[in-house]
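Note sheet for the following structure.
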Amino acid sequence: MTRPSSEAASRAELAWDEAARGYDEYFGPRFAPYLGAAVGALAAHSSQLPSGCIVVPCVGPGRELRPLARAFGERQIIASDLSGEMVTLARERNRDLPNVSVERADAMQLATPNVAAVLSVFGLQLLPDPVAALGSWLKLLHTGGLAAIVYWPRDAEPSGPFASMRRLLRSAGVLDGTWEDELPPSVAASGTSLLADLPLVFEIQYEDPRSMWHALTQLGPLRGPSHGSRPNADRPARRTIRGRATAWPAEPHAGSAPAPAPPLAHPLLLRPAPNGPAGPA
Ligand SMILES: C[S@@+](CC[C@H](N)C(=O)[O-])C[C@H]1O[C@@H](n2cnc3c(N)ncnc32)[C@H](O)[C@@H]1O
């Protein structure tokens, strides 16, 4: 088990601990198709995988583990999450599966040996350095191994409620960064082949914009910034996020209609080159 590496990781852990059960209940069923797509992408290549385990960083409440354990019954599935509460949920949900274990670990510092595949859904975009994280996951893989990674794009749509939300968050200093643009060149430079980068388009239903905003800021990734306890640095972000909790439904495009789902999630299927710079250490 690795401990959180920094104050930022401890704060993220606390926020996800508090959000865990609500996230599982609210987002779990909504995100299920994305989890299934990731498991399916890996299962489609099962006969080509080298020997070894499958690691699942940022597993959250562990809904991807049962289909994964079924598809890869002969392999060890080693899942992990920063949040102790998420780890508890994932263990509870999968306790009858003998080939599944769940540990608490910072996805920026994984050191699992004997890895055939990495599968991670909706964790990468939350990490402090997604490019470095993905690079380190690829380095864990045996020759011929595969990574199936699904992440939310930074800009889900050119206009509409999600675009408004991103603009607001950016103006408050949250969710910025250039990592998404850096991902393809960094993957290419590591000698890794990108086997697939196909848009996933599943419909997600929300009751209305206000409840979705509540879920994002209380049960999801914005809980950390909206509840941050550092006295100065987080104040503009907290103000913006909490302010929008009441004002956002009045934004153009949001109205009283259900907010549309972000149209695309990115699933990447990656295979490091044999003996390339990202080959096994
Ligand atoms: C959006 S949830 C995704 C959970 C699950 N894979 C799913 O798709 O429903 C993101 C998860 O990443 C975890 N997380 C955030 N930062 C992390 C880090 N540095 N290391 C490991 N897990 C982290 C959170 O605790 C949370 O459970």
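The values are calculated or read from the model by the stated rules, or taken from the named source; none is laboratory data. Because the structure is predicted, anything quoted here is derived from the model rather than measured. Virtual Cβ from ideal backbone geometry, glycine too; neighbours counted across all protein chains shown.
Within segment 60-68, identify whether any single residue is more than 9 Å from the ligand (Cβ to nearest atom) and acidic (Asp, Glu), and answer yes or no. Write out each step before concluding.
Step one: filter segment 60-68 for residues more than 9 Å from the ligand (Cβ to nearest atom), giving 65-68.
So of that shortlist, the ones also acidic (Asp, Glu) come out as none.
No, because not a single residue in segment 60-68 is more than 9 Å from the ligand (Cβ to nearest atom) and acidic (Asp, Glu).
Whether any residue in segment 70-82 is aromatic (Phe, Trp, Tyr) and within 12 Å of the ligand (Cβ to nearest atom) is what I want to check.
Restricting attention to segment 70-82, the residues satisfying the condition of being aromatic (Phe, Trp, Tyr) are 72.
Narrowing further to those that are within 12 Å of the ligand (Cβ to nearest atom): none.
Checked segment 70-82: no residue is aromatic (Phe, Trp, Tyr) and within 12 Å of the ligand (Cβ to nearest atom).
Identify, by number, the condition in (1) within 12 Å of the ligand (Cβ to nearest atom); (2) part of a helix (DSSP H, G or I) that residue 138 doesn't meet.
(1)
Residues of segment 43-61 being modelled with pLDDT under 95 and closer than 25 Å to residue 109 by Cα, which ones?
none
Mind checking whether some residue in segment 141-157 is buried (at least 23 other Cβ atoms within 10 Å of the Cβ), among the aromatic types (Phe, Trp, Tyr) and within 16 Å of the ligand (Cβ to nearest atom)?
Within segment 141-157, one or more residues are buried (at least 23 other Cβ atoms within 10 Å of the Cβ), among the aromatic types (Phe, Trp, Tyr) and within 16 Å of the ligand (Cβ to nearest atom).
Test residue 137 against the criterion of being within 30 Å of residue 78 (Cβ to Cβ) and among the aromatic types (Phe, Trp, Tyr), and give yes or no.
Numbers: within 30 Å of residue 78 (Cβ to Cβ): yes; among the aromatic types (Phe, Trp, Tyr): yes.
So residue 137 passes the test.
Spot the failing condition for residue 92; the list is (1) surrounded by fewer than 16 Cβ atoms within 10 Å (Cβ to Cβ); (2) within 11 Å of the ligand (Cβ to nearest atom), and only one is missed.
Every condition holds for residue 92 apart from (2).
What number goes with the only condition from (1) in a loop (DSSP other than H, G, I, E, B); (2) of a type in the set (Ser, Thr, Tyr); (3) at pLDDT 65 or above that residue 226 does not pass?
(1)
Could you run through segment 174-197 and say how many residues are in a loop (DSSP other than H, G, I, E, B) and either exposed (fewer than 14 other Cβ atoms within 10 Å of the Cβ) or among the charged types (D, E, K, R) (or both)? Working first, answer last.
Residues of segment 174-197 that are in a loop (DSSP other than H, G, I, E, B), as a first pass: 174-178, 190-191.
Now narrow it down to the ones that are either exposed (fewer than 14 other Cβ atoms within 10 Å of the Cβ) or among the charged types (D, E, K, R) (or both): 176, 178.
Going through segment 174-197 one residue at a time, the tally reaches 2.
Which of the residues belonging to segment 50-82 are over 14 Å from residue 95 (Cα atoms) and of a type in the set (Val, Ile, Thr)?
54, 55, 56, 59
For segment 36-50, what are the residues that are within 27 Å of residue 215 (Cβ to Cβ) and exposed (fewer than 15 other Cβ atoms within 10 Å of the Cβ)?
40
If residue 79 passes every condition in (1) more than 28 Å from residue 222 (Cβ to Cβ); (2) surrounded by 22 or more Cβ atoms within 10 Å (Cβ to Cβ) but one, which one does it miss?
The number of the failed condition is (1).
Filter segment 6-35 for residues that are modelled with pLDDT under 90 and near the ligand (Cβ under 8 Å from one of its atoms); which is surrounded by the most Cβ atoms within 10 Å (Cβ to Cβ)?
12
Conditions first: (1) in a strand (DSSP E or B); (2) more than 11 Å from the ligand (Cβ to nearest atom). Residue 47 passes all but one, so which condition is the exception?
(1)
Within segment 95-108, take every residue that is in a loop (DSSP other than H, G, I, E, B) and in contact with a Ser or Thr (Cβ under 9 Å, 6 or more places away or on another chain) and give me the one that is farthest from the ligand (Cβ to nearest atom). Spell out the reasoning first.
In the first step, residues of segment 95-108 are kept if they are in a loop (DSSP other than H, G, I, E, B); the result is 95-99, 105-106.
Then drop every residue that is not in contact with a Ser or Thr (Cβ under 9 Å, 6 or more places away or on another chain), which leaves 105-106.
Working: 105: 6, 106: 5 Å.
The selected residue is 105.
Would you check if residue 184 is within 16 Å of the ligand (Cβ to nearest atom), out of contact with any Ser or Thr (no Cβ under 9 Å at 6 or more places or on another chain) and either within 24 Å of residue 13 (Cα to Cα) or modelled with pLDDT of 85 or more (or both)? Full working, then the answer.
On the way: within 16 Å of the ligand (Cβ to nearest atom): no; out of contact with any Ser or Thr (no Cβ under 9 Å at 6 or more places or on another chain): yes; either within 24 Å of residue 13 (Cα to Cα) or modelled with pLDDT of 85 or more (or both): yes.
Answer is no for this residue.
Could you check residue 2 against (1) within 11 Å of the ligand (Cβ to nearest atom); (2) modelled with pLDDT of 95 or more; (3) of a type outside the set (Gly, Ala, Ser) and say which number it fails?
(2)
Within segment 53-84, which residues are in contact with a Pro (Cβ under 9 Å, 6 or more places away or on another chain), in contact (Cβ under 8 Å) with a residue 40 or more places away in the chain and outside any strand (DSSP E or B)?
82
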